[in-house]
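Everything below concerns the one structure shown next.
The values are calculated or read from the model by the stated rules, or taken from the named source; none is laboratory data. What you see is a predicted model; the values in this text were computed from it and never measured. So basically every Cβ, Gly included, is an ideal-geometry build from the backbone, and we count neighbours across all protein chains shown. What goes into the accessible areas is simple: the full protein's heavy atoms, side chains included, and nothing from ligands, DNA or RNA. Shrake-Rupley method; radii C 1.70, N 1.55, O 1.52, S 1.80 Å.
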Amino acid sequence: QEKKANVVVIGTGGTIAGAGASSVNTAAYQSAVVPVDKIIAAVPEISKIANVRGEQIFQIGSESFNDERLLKLGKRVSELLKQSDVDGIVITHGTDTIEETAYFLNLTLKSDKPVVVVGSMRPGTALGADGALNLYDAVLVASSKDAAGKGTLVVMNDEIHSGRDVTKSNSFKVETFRSAYGPLGYVVEGKLMFYRLPARPHTTQTEFDIDKINSLPRVDIVYNYGNVSRAAYDAFVTAGAKAIIHDGTGNGSVAEQIVPVLQEVRAKGLQVVRATRTGSGVVIRNGEQNDDKFDWVVTDDQNAQKARILTALALTKTNDSKELQKILWKY
Ligand SMILES: NC(=O)C[C@H](N)C(=O)O
């Protein structure tokens, strides 16, 4: 029999650590109240597949993640990955911003060992709670050599997603996580089944190293809609943003009254990154807007919240818009 893998489960809160007043509360409950050791103990089957120990780093709803917490989590994961007695890491996390944390780790960790971010849509007290199986599957993936070298993964609802691609697509359903090109694989009956590999560089293949990043430049997002005004752009410039993600309609379109605003923003030294609010597709450079003329850049297929992560990391390396564009296209 093969030796059991050593997996550390880092607790950060979220609904997987949530509790409701009654078993029919599937969407109304308090999140981030159950300690990680208790969450692990509630799934005794886990001890058959791995040697697991818990470590509580935060106890928060993931909507309350900020750059400071992201860095603290990343640095702790990095520290643990360097230990020879750690084979894999699971991070229990709220689902709201799982995609941001997973993308950040996917870009900054320097290890091939499996790192899996997991959450749940229903608290453990609910009928049809999804956390126990999700955690079991996450530990299984984190224990497996098959999961090594594939970047940071998100395991939810029987699926294994790449941290790069995954996004939360529904506010309450358990099948909320979606990757534009499909999951990398499934976990079925305790078995990992991979069908595709991440095409973009991650972890050991990137220029970003969590051990060397001690702060992230401020990057903000402005959502666009009919009747949009300049107020939010001005506020973020005043607040000291180094880049603004213009979360535009359609192909990252810019309303006629916002075109001069974004020119001003760029003239003040901030980078302007055009993204699309549609939820999928790439933003075409020099498509509907003359990015060359205005010195703006475009996201590839990343949504605004992922573009914020990548842009902030890119700005730790360069403030050259051409370099930034290359980075946005690369990862
Ligand atoms: N399902 C969840 O985990 C939602 C929760 N608000 C969180 O992200 O922490």
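Name the single residue, out of those in the stretch 59-81 being among the hydrophobic types (A, V, I, L, M, F, W, C) and closer than 12 Å to Thr97 by Cβ, that is surrounded by the fewest Cβ atoms within 10 Å (Cβ to Cβ). Steps first, please.
Of all residues in the stretch 59-81, those among the hydrophobic types (A, V, I, L, M, F, W, C) come to 60, 65, 70-71, 73, 77, 80-81.
After this cut, where a residue has to be closer than 12 Å to Thr97 by Cβ as well, the list is 60, 65, 70, 73.
On the way: Ile60: 18, Phe65: 23, Leu70: 21, Leu73: 22.
Here the residue is Ile60.
For beta carbons closer than 6 Å, sequence separation of 6+ or different chains, a first residue in the stretch 312-331 that is under 15 Å from Thr206 (Cβ atoms) and a second that is acidic (Asp, Glu) and open to solvent by 10 Å² or more (accessible area, probe 1.4 Å), the qualifying pairs are Leu328/Asp300; Trp329/Asp300. Of the residues examined, Arg53 is not one that is open to solvent by less than 70 Å² (accessible area, probe 1.4 Å), more than 16 Å from the ligand (Cβ to nearest atom) and either in contact (Cβ under 8 Å) with a residue 12 or more places away in the chain or not aliphatic (A, V, I, L, M) (or both). Residues that are surrounded by fewer than 21 Cβ atoms within 10 Å (Cβ to Cβ), over 23 Å from Tyr103 (Cβ atoms) and out of contact with any Pro (no Cβ under 7 Å at 6 or more places or on another chain) do not occur anywhere in the stretch 309-319.
Condition (residue is open to solvent by 40 Å² or more (accessible area, probe 1.4 Å), part of a strand (DSSP E or B), at pLDDT 95 or above and in contact with a strand residue (DSSP E or B) (Cβ under 9 Å, 6 or more places away or on another chain)) applied to the stretch 3-10: is it met by at least one residue?
Step one: filter the stretch 3-10 for residues open to solvent by 40 Å² or more (accessible area, probe 1.4 Å), giving 3-4, 6.
Retained after the next criterion (residues that are part of a strand (DSSP E or B)): 6.
Narrowing the set further to residues that are at pLDDT 95 or above leaves 6.
Applying the additional criterion that residues be in contact with a strand residue (DSSP E or B) (Cβ under 9 Å, 6 or more places away or on another chain) yields 6.
Yes, the stretch 3-10 contains a residue that is open to solvent by 40 Å² or more (accessible area, probe 1.4 Å), part of a strand (DSSP E or B), at pLDDT 95 or above and in contact with a strand residue (DSSP E or B) (Cβ under 9 Å, 6 or more places away or on another chain).
No other residue among Ala28, Ala21 is outside any strand (DSSP E or B), surrounded by fewer than 15 Cβ atoms within 10 Å (Cβ to Cβ) and either under 17 Å from the mean Cα position of the chain (by Cα) or away from the ligand (no atom under 13 Å from the Cβ) (or both) apart from Ala21. Under the condition of being free of Cβ contacts under 8 Å to residues at least 60 places away in the same chain and closer than 19 Å to Phe65 by Cβ, which residue from the stretch 116-137 is surrounded by the most Cβ atoms within 10 Å (Cβ to Cβ)? The extreme case among them is Val117.
The set of residues in the stretch 158-177 being open to solvent by less than 50 Å² (accessible area, probe 1.4 Å) and not charged (D, E, K, R) consists of Ile160, His161, Ser162, Gly163, Val166, Thr167, Asn170, Val174, Thr176, Phe177.
In the stretch 138-157, the qualifying residues are those that are of a type in the set (A, V, I, L, M, F, W, C) and over 16 Å from Gly94 (Cβ atoms), and the one that is surrounded by the fewest Cβ atoms within 10 Å (Cβ to Cβ) is Ala148.
Out of curiosity, is Asp291 buried (at least 18 other Cβ atoms within 10 Å of the Cβ) and free of Cβ contacts under 8 Å to residues at least 24 places away in the same chain? So Asp291 passes the test.
When Ile46, Ile98 are checked against the criterion of being in contact with a Phe, Trp or Tyr (Cβ under 7 Å, 6 or more places away or on another chain) and among the β-branched types (Val, Ile, Thr), a single residue qualifies: Ile46.
I'd like to check something: does the stretch 184-201 contain any residue that is without any contact (Cβ under 8 Å) to a residue 12 or more places away in the chain, within 20 Å of the chain's Cα centre (by Cα) and surrounded by fewer than 17 Cβ atoms within 10 Å (Cβ to Cβ)? Yes: one or more hits.
Go over the candidates Asp209, Asp247 one by one and state the one that is open to solvent by less than 20 Å² (accessible area, probe 1.4 Å) and more than 16 Å from the chain's Cα centre (by Cα). Full working, then the answer.
On the way: Asp209 fails: open to solvent by less than 20 Å² (accessible area, probe 1.4 Å).
On inspection, the qualifying residue turns out to be Asp247.
Of everything listed in (1) more than 13 Å from the ligand (Cβ to nearest atom); (2) surrounded by fewer than 17 Cβ atoms within 10 Å (Cβ to Cβ); (3) β-branched (Val, Ile, Thr), the single unmet condition for Val33 is (1).
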